[in-house]
Amino acid sequence: MNILSTTKHLVGLLILISAVAGSVPAMAQDEAADARTDNTGTDNSGTDTSTDATAPEKESTSPAATPAKSDAPASTDAANTAASADDSLQQAITQMQAQLAAQAKQIEALQAQYTKEVAARQREINKQDKQISAQTTQIATQKDAIQSLQKQVDQQISDAGQSISDTEKALRSRLETVESSIKSSQQADSTQYDLTEFPGSIAIPGSSAAIKIGGFVKMNVVESFDPIGTTDRFIVGSIPVPQESGPTISALTVSQSRLNFDLRDTTKYGAVRAFIEGDFAGDGTTFRLRHAFGQYKSFLIGQTWTTFMDTRSRPEDLDFEGINGQVLLRQPQIRYFPKIGESWHLLLSAEDPTAVIKNGTGINQIPDLVASMERTWFDEWHMKSSLLLRKMSGDCICLDGKSDSAIGWALSISGMTTVKRWDPRDNAQIQLTYGEGHSHYINDLGSVGGADAVFDLTTGKLIAVKSFAMYMSFQKWWTPNMRSNFNFGYVSVDNGGFFDPNAYKETTRFIANFIWSPIARIDLGAQFLSGSRTNENGEKGTAKQVQLSAKYRF
């Protein structure tokens with residue numbers, strides 16, 4: 001209801017009150033006139049009867065008696081009319097009160113909405129003020145550092161009593177450029193990274209970035225029942241051939257423990273990410289770099305898992321070494337990974353071309369090229385196919401030092417699917433890899449230095465080594481926090497007659513484990529491992545291990 005409508009009601013009410021007030025005097029004047037007529041004592045014929053003694057009974061029928069009889073009905077009608085006017089006035093007043101109450105409620109609702117909007121706007125302003133304050137503080141700190149550095153340079157020049165050299169002028173110019181860049185960044189479009197999209201992260205004070213610290217502490221107790229080249233893990237390629245006997249050897253290690261930093265930031269060009277991770281598996285348990293890369297949208301530059309590897313199909317294994325037949329390699333690369341449609345991902349990369357060459361020295365000329373396609377059907381069936389192309393070059397150790405090149409290639413197909421017969425988390429995984437000149441991409445061959453190519457010493461020709469690798473895995477969940485893994489791996493190398501009789505020919509590896517997670521951050525497990533190595537001459541060696549593991553994630 002608006003003000004115009006209310007005004008109309010008020011005008012109508014005033015008119016009604018005026019009409020009622022005007023009708024009451026009119027009725028009073030009519031009653032007074034009737035009364036004056038009754039007091040004259042004159043009948044309708046005009047004859048005077050006031051002194052006639054013989055007409056006492058005629059007084060009851062005289063004109064003077066008639067007005068006296070009609071006086072009561074006239075008063076009743078006036079009272080009724082006044083009562084009706086009072087009722088109408090009361091109804092109009094009640095209606096106006098209801099209208100005013102409704103308007104009051106509307107005003108209260110508008111005031112509440114306005115207060116809410118003002119509060120929301122104030123919160124947004126406070127948030128922006130905090131961001132601006134943090135950036136201003138950071139800029140001021142950087143400017144102070146630059147000014148301090150410049151003062152030190154000037155002081156050194158003054159102490160030496162020398163004029164500013166061209167190098168020092170260039171340094172000062174660079175400092176001024178950096179300071180100018182800082183000033184321009186103050187107007188950059190940057191907001192705090194959305195922490196809800198980065199669980200477990202914390203905002204970095206004075207910046208728009210967020211960082212997450214992660215990793216785990218892990219200890220393995222390794223019991224080797226047969227001789228093997230490594231006592232802290234199970235590398236089947238290092239099993240002595242022919243079979244040897246020896247004492248049981250124990251080892252305790254924490255070198256698998258990891259530490260990583262994941263930083264993400266929002267800029268006017270989009271979100272960016274930097275990730276670095278290391279473990280303690282270097283010489284003498286020193287810190288060793290595993291991953292170090294930067295990511296912007298669909299681009300990645302740095303060191304991480306090769307694109308030729310399927311990171312979504314990785315069976316769980318307590319052994320630090322992992323499956324012998326798995327594609328498992330971290331190396332520097334430039335990767336582009338756009339999404340195609342709703343279901344497909346294309347991955348293209350140029351990667352480090354280092355090649356292991358037998359009877360020669362490798363020469364890196366052209367980066368390895370990898371192209372992959374992956375897709376997941378119905379959130380249950382994941383599949384990935386990858387193609388590797390590379391050019392290997394090297395110098396032969398022949399007397400004439402001949403150089404040659406060879407083309408390497410490999411194809412990998414991998415996948416994972418759920419097995420819902422017993423538990424919806426049960427799953428099976430598989431990978432098949434075959435090619436020429438890709439040995440160091442295979443986990444076991446890379447660990448024992450398997451050659452990608454070999455020089456024929458009689459001709460000086462470089463020949464790519466053929467190899468095949470595969471694994472199969474099944475994971476079974478017994479309870480919500482207890483599970484087991486059963487993995488089998490196989491590797492085969494075609495040496496082509498260019499290797500010694502005791503050269504690596506094939507290996508097999510089987511593991512079965514049981515893992516209990518009493519809480520989400522802790523894994524306690526036990527694993528049995530069995531493997532074998534067969535050489536080119538047919539001789540074979542086997543080994544067995546048991547590992548106990550405790551891991552705490554943070």
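Backbone N atoms of region 517-554 closer than 16 Å to the 7 Å Cα→Cβ label point of GLN243 belong to residues 530-535, 538-545.
Arranged from highest to lowest average of other beta-carbon atoms within 10 Å per residue, in what order do the peptides 238-244, 98-104 appear? Let's see the in-between values first.
Numbers: 238-244: 16.4, 98-104: 11.4.
Listed from highest to lowest mean packing, they are 238-244, 98-104.
For the pair LYS461 and SER250, label points projected 7 Å from Cα toward Cβ lie 5.6 nm apart. The 3J(HN,Hα) values that the Karplus relation (6.51, -1.76, 1.60; θ = phi - 60°) gives for region 207-216 are, in residue order, 8, 9, 8, 10, 10, 10, 9, x, x, 7 Hz. Gly and Pro appear as x.
Only Lys, Arg, Asp and Glu carry charge here, each on its Cβ (+1 for the first two, -1 for the last two); on that basis region 414-532 has a dipole of about 580 debye about its Cα centre.
Spacing of the modelled spin labels on ILE334 and ALA140, each 7 Å from Cα toward Cβ, amounts to 4.2 nm. For THR267, the residues whose amide H sits under 5 Å from its own are VAL272, ignoring neighbours fewer than 5 places away on the same chain, with H placed 1.01 Å from N. Candidates TYR434, ASN487, GLY525 compared by Cα position along the dipole of region 418-554: farthest toward the positive end lies GLY525, with charges placed on Cβ.
With r defined as the distance between the Cβ atoms of ASP379 and ILE407 and R0 fixed at 35 Å, what FRET efficiency is calculated, to the nearest 0.05?
Working: r = 39 Å, r/R0 = 1.11.
FRET efficiency, ASP379 to ILE407: 0.35.
Sequentially through region 91-106, phi angles give Karplus couplings (6.51, -1.76, 1.60; θ = phi - 60°) of 5, 5, 5, 4, 5, 5, 4, 5, 5, 5, 5, 5, 5, 4, 5, 4 Hz, Gly and Pro residues having no value and appearing as x.
Counting other C-beta atoms within 10 Å, which of GLU436, GLU197 has the fewest, and how do the rest follow?
Numbers: GLU436 20, GLU197 10.
Ranked by crowding around the Cβ, least crowded first: GLU197, GLU436.
Our estimate of slack between GLU124 and THR285, defined as 0.36 nm per intervening residue step minus the Cα-Cα distance, is 53.0 nm.
For LEU329, the residues whose amide H sits under 5 Å from its own are THR306, ignoring neighbours fewer than 5 places away on the same chain, with H placed 1.01 Å from N.
Region 199-273 and region 399-458 have their alpha-carbon centroids 22 Å apart.
Length gained on full extension, PHE261 to GLU197: 21.4 nm, using 0.36 nm per residue less the C-alpha separation.
Which pairs break 23 Å Cα to Cα here: LYS130/LYS297; LYS358/LYS384; LYS358/LYS505; LYS212/LYS339; LYS339/LYS391? Kindly include the intermediate steps, with their values, before the conclusion.
Numbers: LYS130/LYS297 27 Å; LYS358/LYS384 31 Å; LYS358/LYS505 15 Å; LYS212/LYS339 26 Å; LYS339/LYS391 28 Å.
Table pairs above 23 Å Cα-Cα are LYS130/LYS297; LYS358/LYS384; LYS212/LYS339; LYS339/LYS391.
With the simple model of a label 7 Å out from the Cα in the direction of the Cβ, PHE486 to ARG421 spans 1.0 nm. The phi torsions of region 341-357, fed into the Karplus equation with coefficients 6.51, -1.76 and 1.60 and a -60° offset, translate into couplings of x, 8, 10, 9, 10, 9, 10, 10, 8, 10, 10, 3, x, 3, 10, 9, 10 Hz, rounded to whole numbers, with Gly and Pro shown as x.
Taking amide H atoms as placed 1.01 Å from N in the peptide plane, the amide H of LYS544 lies under 5 Å from those of PHE225, ASP226, each 5 or more residues away in sequence or on another chain.
Only the coordinates and a few stated rules stand behind these numbers; no lab work does. None of the values given here were measured: they were computed from a predicted structure. Cβ sites come from the backbone with ideal geometry, for glycine too, and all protein chains shown count toward neighbours.
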